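Below you'll find the structure, written out as structure tokens, and then a few comments.
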Amino acid sequence: MKVCLLAFFPVFLTAPLLAQAPAAGAPVSHTYSDPLGFSYVLPSDWEVVNSQPSLPDVKQKATQNASSEAEKKGIACVQVGLTARHGDPSSVIVQVALPFGCFGQPLAQDDLPGFGSGAAEGIKQNFDLSDPQTASYASGSHHLWAERVEGIPKGQPDRHYTIEISCALLNQAAVCWMAMAADSASLAVFENGAVTLDGDAPAPLVPASAFKQ
């Protein structure tokens, strides 16, 4: 369902901006829990960034480019839960969710690839992308979709990132995590972060076998 996915583009585009901003915030807690039914674990040396003050402006710009009323509603409903960064140059992890109660309808499993894949289109505004890979895998009772691409920020050819997104459909929301990893250690933190989905047992967000299928 691309109408929902488009609401996520501008939110994810904050990641490269955060990577160039001064450090802010306090150490992120070991576990981030959301009342929509999931939790995610990061090491305590990752730093939380408050992206909420910029969100209204991001949503306003996205709404101006929306092509339908449903898309505008998705933009209004999207929530940014966790934004964290680490290192210099910074790696960034962002989590966003689309609550079904706000949007007015759930997404079907067939919508998941379209819901996630459009994020790369928005990232192209800031990055030159190459070597895309996609994966579908199970975590407990849930099916997830993931995409990994290599990215070089426009105008900064000496910088190289691996950009990875993982999305799942929960009982109450669609949720995506995205990493802009400046090094392999940060990518490993993103993938190995323990995620709990609707009460399932904790498991790595992206298992090592996901992109080897």
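The values are calculated or read from the model by the stated rules, or taken from the named source; none is laboratory data. All values derive from a computational prediction rather than experimental measurement. In this analysis, Cβ positions are derived from the backbone assuming ideal geometry, glycine residues included, and neighbour counts consider all displayed protein chains. The area values use the complete protein model at the heavy-atom level, side chains included, leaving out ligands, DNA and RNA. Shrake-Rupley method; radii C 1.70, N 1.55, O 1.52, S 1.80 Å.
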Cross-link partners of K59 among lysines (Cα-Cα below 21 Å; sequence separation of 8 or more within a chain): K2, K72, K73, K124
Relative contact order, percent, of segment 56-213 when contacts are C-alpha pairs under 8 Å separated by at least 6 residues? 20
Spin-label point model (7 Å from Cα, Cβ direction): what's the Q125 to A208 distance in nm? 3.8
Scoring segment 165-213 by relative contact order with C-alpha pairs under 8 Å, at least six apart, yields a percentage of 26
Given labels modelled 7 Å from the Cα in the Cβ direction, how far is it in nm from D198 to D88? 4.4
Within segment 138-213, what whole-number % of the accessible surface is contributed by carbon and sulfur, with the 1.4 Å probe and all protein chains included in the calculation? 52
